[in-house]
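Student: First the structure, which I've put down as structure tokens, then a few questions once you've had a look.
The values are calculated or read from the model by the stated rules, or taken from the named source; none is laboratory data. All of these numbers come straight from a predicted model, not from anything done at the bench. So basically every Cβ, Gly included, is an ideal-geometry build from the backbone, and we count neighbours across all protein chains shown. The accessibility values were calculated without ligands, DNA or RNA, using every heavy atom of the protein model including side chains. Shrake-Rupley method; radii C 1.70, N 1.55, O 1.52, S 1.80 Å.
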Amino acid sequence: MANESTSRARTVVRTRLTAASVDPRLLALAGASVASLTGSFIKLSGVSPATSTFFRCLLALPVLGFMASREFRRHGAVASRVLAAQAFGGLMLGVDFALWARSIDMIGAGISTVVVNVQVVVVPLLAWIFFREKVPVRFLVAVPFLFSGVALAGGVLGGGGEGNQLVAGTLLALGAGVSYGIYIFASGRAGSAQRASTQVFVSTIAAGVVGTAVGSLWGTVDLTPGWHAMWWLVTLSLSGQVLGWVLIGFALPRLSSEVGATLLLAQPVMAVGFSIVLVHERPSVSQLVGCAVVVASVWVVARSRTTRRRRPDTAPALVPDVVRNT
């Protein structure tokens with residue numbers, strides 16, 4: 001028995017030493033890389049918004065549920081008011097999933113991923129409205145540039161959107177960004193580092209139900225989408241919904257907020273690159289300029305937000321509140 005206990009202790013020590021030896025910047029970049037594939041995977045699946053939302057949430061639940069159960073055994077039950085806040089956040093996340101999936105069909109995986117990052121405007125505005133938190137001057141300066149970039153990325157000067165639906169697709173991506181910002185705001189206020197997996201588990205359940213309902217506006221759920229589509233849906237769920245979150249959630253607490261936020265800006269940039277390589281999208285020069293303006297504006301807002309002291313109990317999964325990670 002003593003030898004077994006000693007062996008287990010050595011295994012734990014080796015695991016911790018190995019994890020600690022990995023540069024957290026590399027982990028953050030790896031997580032951003034995985035997350036940046038989400039839009040392309042949705043497009044490659046070729047399914048309706050309702051179907052992609054339903055399966056990306058359903059297939060992630062076993063893994064997230066296992067992680068949440070470990071937190072329950074370690075820390076006990078979650079307060080009902082916290083669960084309510086997390087469920088409300090999940091409701092908004094579901095709206096985000098559905099609107100974003102539809103916008104991918106209309107303006108492309110890369111452009112929609114960049115546009116949806118307007119959620120960086122929503123979070124500080126909600127903090128100002130409900131808690132009277134100060135809005136930095138740099139934020140006010142960056143906002144006009146952000147929306148100018150969105151207009152360019154959305155094809156105001158022409159672009160590569162499909163079906164001449166650039167304006168409608170851009171508006172849906174903006175709506176997704178607003179919904180995602182509300183999710184970050186609501187869940188972040190109710191989250192804690194000890195309950196990170198539980199928060200994502202609860203939010204994913206709510207997102208699956210609501211997102212599927214909203215996505216049904218463009219077609220009902222196909223429970224038998226075929227093996228080709230299912231392959232991409234499984235990949236989407238286990239990558240963007242689970243692996244990306246785990247990598248980023250582990251890395252960010254070991255980085256300064258500013259470094260973490262800056263590294264995560266690689267996600268929308270890589271999303272454009274992957275969309276060009278994987279799904280052969282061809283954004284125009286003006287759209288690429290717009291993407292660059294959006295990313296630069298997000299970086300400015302990120303710097304202004306990360307200079308504030310963060311609560312020590314903020315959930316690692318909710319730290320990247322300055323860039324989309326879905």
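Student: If you take the residues in the range 24-69 that are part of a loop (DSSP other than H, G, I, E, B) and either open to solvent by 20 Å² or more (accessible area, probe 1.4 Å) or in contact with a Lys or Arg (Cβ under 7 Å, 6 or more places away or on another chain) (or both), which one is nearest to PRO225 (Cα to Cα)?
Tutor: Here the answer is VAL47.
Student: Working only within the range 70-84, note down all residues that are modelled with pLDDT under 85 and surrounded by 12 or more Cβ atoms within 10 Å (Cβ to Cβ).
Tutor: Selection gives GLU71, PHE72, HIS75, VAL78, VAL82.
Student: Then there is this: Given the options PHE72, PHE55, PHE97, name the one that is aromatic (Phe, Trp, Tyr) and touching a Cys at 6+ places or on another chain (Cβ under 8 Å).
Tutor: Matching residue, one of PHE72, PHE55, PHE97: PHE97.
Residue-wise test of (1) at pLDDT 85 or above; (2) closer than 17 Å to ALA98 by Cβ.
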{"site": "ALA190", "(1), (2)": "no, no"}
{"site": "VAL200", "(1), (2)": "no, no"}
{"site": "VAL209", "(1), (2)": "yes, yes"}
{"site": "ALA213", "(1), (2)": "yes, yes"}
{"site": "TRP218", "(1), (2)": "yes, yes"}
{"site": "VAL221", "(1), (2)": "yes, yes"}
{"site": "TRP227", "(1), (2)": "yes, no"}
{"site": "THR235", "(1), (2)": "yes, no"}
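Student: Mind checking which residues of the range 54-92 are over 22 Å from SER239 (Cα atoms) and aliphatic (A, V, I, L, M)?
Tutor: Within the range 54-92, ALA77, VAL78, ALA79, VAL82, LEU83, ALA84, ALA85, ALA87 qualify.
Student: Within the range 256-264, does at least one residue satisfy the condition of being modelled with pLDDT under 85, in a helix (DSSP H, G or I), aliphatic (A, V, I, L, M) and under 22 Å from SER45 (Cβ atoms)?
Tutor: Start the filter on the range 256-264 by keeping residues that are modelled with pLDDT under 85, which leaves 256-264.
From the residues that got through so far, the ones that are in a helix (DSSP H, G or I) too are 257-264.
This time we only want the ones that are aliphatic (A, V, I, L, M), so: 259, 261, 263-264.
Narrowing the set further to residues that are under 22 Å from SER45 (Cβ atoms) leaves none.
For the range 256-264, residues modelled with pLDDT under 85, in a helix (DSSP H, G or I), aliphatic (A, V, I, L, M) and under 22 Å from SER45 (Cβ atoms): absent.
Student: Continuing with this model, one more query. Before we move on, is VAL135 of a type outside the set (Phe, Trp, Tyr), out of contact with any Leu (no Cβ under 6 Å at 6 or more places or on another chain) and part of a helix (DSSP H, G or I)?
Tutor: Judged against the criteria, VAL135 is not a match.
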